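Notes follow the structure.
The values are calculated or read from the model by the stated rules, or taken from the named source; none is laboratory data. Predicted model only: the values in this text are computed from it and were never measured. All Cβ positions, even for glycine, are placed from backbone atoms using ideal geometry, and neighbour counts span all protein chains on display.
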Amino acid sequence: MRRYIIFAVLVAMLVGHGLAQTGETGDVDAFQKALEEDGFIVQEGEIGYFDLIKLYDSGVLPSAYGNNPATKYLAYFVPPALGGTVDERIAEITKTLGMSGNTSAFWHLGPDEAVVFVGQTPPECRYFGYENYLLGRTYGTEARWLFANIADSLNNQVINTNGTPGDPYNRTTMIVATADRGIDERVRAAARSAGYSDGMMNTQVFPSSILNMGFENDSDTFAVFIRPALFTDKEAGDDYINNTPATVFRLTPNTTAELDPYGYPELRVKGTGETELDLTDDLDELRNAILERYSDLKATELPTAQGVPTGIDAIQRGIDAVGPSNDAMYLWTANQAVNSPTPPFFDTTQYYDFLRNPPITLGNDTNEFIIVYGVNHVATGKATYSSFAVYGADVWNGVGTVTDADFSGTAEEYLPDNPNAKYLYVYKIARDCEGEPNCFEIPSGIGSYGIEMDQPIFIAWRGYLESATSTGPSYDEIVYDRAIKFDPAG
């Protein structure tokens, strides 16, 4: 008898735990049913890794468009609108990435529709963000690629989940992406009836005041990407990328109702008033120490400039922003930012000659290398994570990255008596590091996962999420990173 009592207690505990979990996280099937009962047509989409290098290597895209080697971006793959079909070229992208043939990472959205993410956030990592993009727009008869973020992201510091404040990882969340307040309220009501709490719900606004919603020839094309960066547990991170425990729904109301469009959302303010600029003298001292160490070689100091415009700047000018986020700052070894209108799926070799003229290449001579140095923006509190990546300047293929986790102690070797050296870093880029520490080897002979020795390269820096502001650092408050190319003298 005692065994039966113990068994009954265990069953009760397990059932009770299951009910508690349902109460905390909601029931996605009940949510879908509630939406349908409220008059929505519900189409389920997919979430998958948008592998730019794979798409380029497969011949589906003409370029890699500045993929971030530190981050595998996930995309919402959304079914087409009712009665619609997926464009043939888009379908090839979807197929190559292993997704269903009837979804697309690039889609139109009606003014009374919504796309809803339901599921878990990424496991613990240095940063994650959910970002809405205006991908394409038609100007008269000219189709252009904008790839411009529309507003702020939902990042790991601001997102609502079923976790406690400060614990946003591996938690259930719901994100409603819509242009309409009334649709948002109906979706939230259906979610509450299915056990989802208001505290885990989020809205990402498509502000119709600056967008062309709908399904006409001149309607805008949208995308949503998820950026999880630098997982604490790589295996858990890979599992999340490959088997994302979430889904997306496209919601279309059965009947039309009066629209109640959202206005443009309030933005988080960049900058704290505290800057890195007092480290400029220290960085100049580090520069001199680097030049002195390699004084027997020819030194070419590469320019540094902001790499991309903000999304709103690009939207207003009709230029390609190349996928920025308000959560980040972007620098690269060039003397200007991207600034051109481009067609969809443009070939980067036909644009931005300033990245390749004069060309910076890297051969296998032991006296030919690049030294990257600068302020460690994480050490100064200006970023949650920072990195630099090496790119082929023809197709913008990122082949490797070095993050702030590798920066610690690298400048003290050059400035042993400078107490501010702890805020600086130095790193070498070469073809063969010959076992030298703090050195990144550029691969070659492996397609677009490497860069051949005669191909031009550039360096790009990223700094994500100033903790004090929950958005990206202000360019006015950081000291720009730098790079020097060394070659054999004579």
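Okay, residues lined up against (1) over 26 Å from ILE484 (Cα atoms); (2) among the small types (Gly, Ala, Ser); (3) surrounded by 22 or more Cβ atoms within 10 Å (Cβ to Cβ):
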| residue | (1), (2), (3) |
| --- | --- |
| GLN316 | yes, no, no |
| SER325 | yes, yes, yes |
| PRO343 | yes, no, no |
| ASP353 | no, no, no |
| PRO359 | no, no, no |
| TYR373 | no, no, yes |
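Within segment 243-260, is there a residue that is basic (Lys, Arg) and either in the same structural domain as TYR133 (by TED's automatic domain parsing) or over 23 Å from PRO473 (Cβ atoms) (or both)? Yes: one or more hits. What residue, of ASN438, ASN335, ASN420, is surrounded by fewer than 21 Cβ atoms within 10 Å (Cβ to Cβ), polar (S, T, N, Q) and in contact with a helix residue (DSSP H, G or I) (Cβ under 6 Å, 6 or more places away or on another chain)? Of ASN438, ASN335, ASN420, the one residue that is surrounded by fewer than 21 Cβ atoms within 10 Å (Cβ to Cβ), polar (S, T, N, Q) and in contact with a helix residue (DSSP H, G or I) (Cβ under 6 Å, 6 or more places away or on another chain) is ASN420. Against the condition touching a residue at least 60 places away in the same chain (Cβ under 8 Å), touching a Lys or Arg at 6+ places or on another chain (Cβ under 9 Å) and among the small types (Gly, Ala, Ser), how does ALA405 come out, does it pass? Taking the combined requirement at face value, the residue satisfies it. Within segment 28-66, being of a type in the set (S, T, N, Q) and either touching a Pro at 6+ places or on another chain (Cβ under 6 Å) or not assigned by TED's automatic domain parsing to the domain that holds ILE90 (or both) holds for one residue alone: GLN43.
Of the residues making up segment 340-371, those that are of a type outside the set (S, T, N, Q) and under 23 Å from the mean Cα position of the chain (by Cα) are PRO341, PRO343, PRO344, PHE345, PHE346, ASP347, TYR351, TYR352, LEU355. For segment 449-490, filtered to residues that are among the polar types (S, T, N, Q) and under 23 Å from LEU230 (Cβ atoms), the residue that is surrounded by the fewest Cβ atoms within 10 Å (Cβ to Cβ) is SER467. Number of residues in segment 434-490 that are of a type in the set (Lys, Arg) and under 16 Å from PRO359 (Cα atoms): the value is 1.
Of all residues in segment 297-319, those satisfying the criterion of being closer than 19 Å to SER153 by Cα and either among the polar types (S, T, N, Q) or in a loop (DSSP other than H, G, I, E, B) (or both) are VAL308, PRO309, THR310.
Taken over segment 163-183, the criterion of being surrounded by 21 or more Cβ atoms within 10 Å (Cβ to Cβ) and within 26 Å of the chain's Cα centre (by Cα) is satisfied by PRO168, THR172, THR173, MET174, ILE175, VAL176, ALA177, THR178, ALA179, ASP180. Counting only residues that are within 20 Å of the chain's Cα centre (by Cα) and either without any contact (Cβ under 8 Å) to a residue 24 or more places away in the chain or within 23 Å of PHE345 (Cβ to Cβ) (or both), segment 68-98 holds 13 of them. Here ASN217 meets each of (1) under 21 Å from TYR264 (Cβ atoms); (2) out of contact with any helix residue (DSSP H, G or I) (no Cβ under 8 Å at 6 or more places or on another chain) with one exception, condition (1).
Rundown of residues vs (1) free of Cβ contacts under 8 Å to residues at least 24 places away in the same chain; (2) of a type in the set (A, V, I, L, M, F, W, C); (3) more than 19 Å from THR410 (Cβ to Cβ); (4) outside the structural domain of THR366 (by TED's automatic domain parsing), yes/no style:
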{"residue": "THR272", "(1), (2), (3), (4)": "no, no, yes, yes"}
{"residue": "ASN288", "(1), (2), (3), (4)": "yes, no, no, no"}
{"residue": "SER295", "(1), (2), (3), (4)": "yes, no, yes, no"}
{"residue": "PRO303", "(1), (2), (3), (4)": "no, no, yes, no"}
{"residue": "VAL308", "(1), (2), (3), (4)": "no, yes, yes, no"}
{"residue": "ILE315", "(1), (2), (3), (4)": "no, yes, yes, no"}
{"residue": "GLY318", "(1), (2), (3), (4)": "no, no, yes, no"}
{"residue": "MET329", "(1), (2), (3), (4)": "no, yes, yes, no"}
{"residue": "SER340", "(1), (2), (3), (4)": "yes, no, yes, no"}
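Where strands (runs of 3 or more DSSP E) sit wholly within segment 401-481, those with at least 1 residues that are under 30 Å from SER153 (Cα atoms) and either in contact with a strand residue (DSSP E or B) (Cβ under 9 Å, 6 or more places away or on another chain) or small (Gly, Ala, Ser) (or both) occupy 424-430, 457-464.
Do we have VAL158 as modelled with pLDDT of 95 or more, out of contact with any strand residue (DSSP E or B) (no Cβ under 8 Å at 6 or more places or on another chain) and either surrounded by fewer than 16 Cβ atoms within 10 Å (Cβ to Cβ) or of a type in the set (Val, Ile, Thr) (or both) here? So VAL158 passes the test.
Residue count for segment 107-142 satisfying the condition of being hydroxyl-bearing (Ser, Thr, Tyr), buried (at least 19 other Cβ atoms within 10 Å of the Cβ) and closer than 21 Å to SER209 by Cα: 1. If you go through segment 259-279 and keep only what is under 23 Å from VAL375 (Cα atoms), part of a loop (DSSP other than H, G, I, E, B) and out of contact with any strand residue (DSSP E or B) (no Cβ under 6 Å at 6 or more places or on another chain), you end up with VAL269, GLY271, THR272, GLY273, GLU274, THR275.
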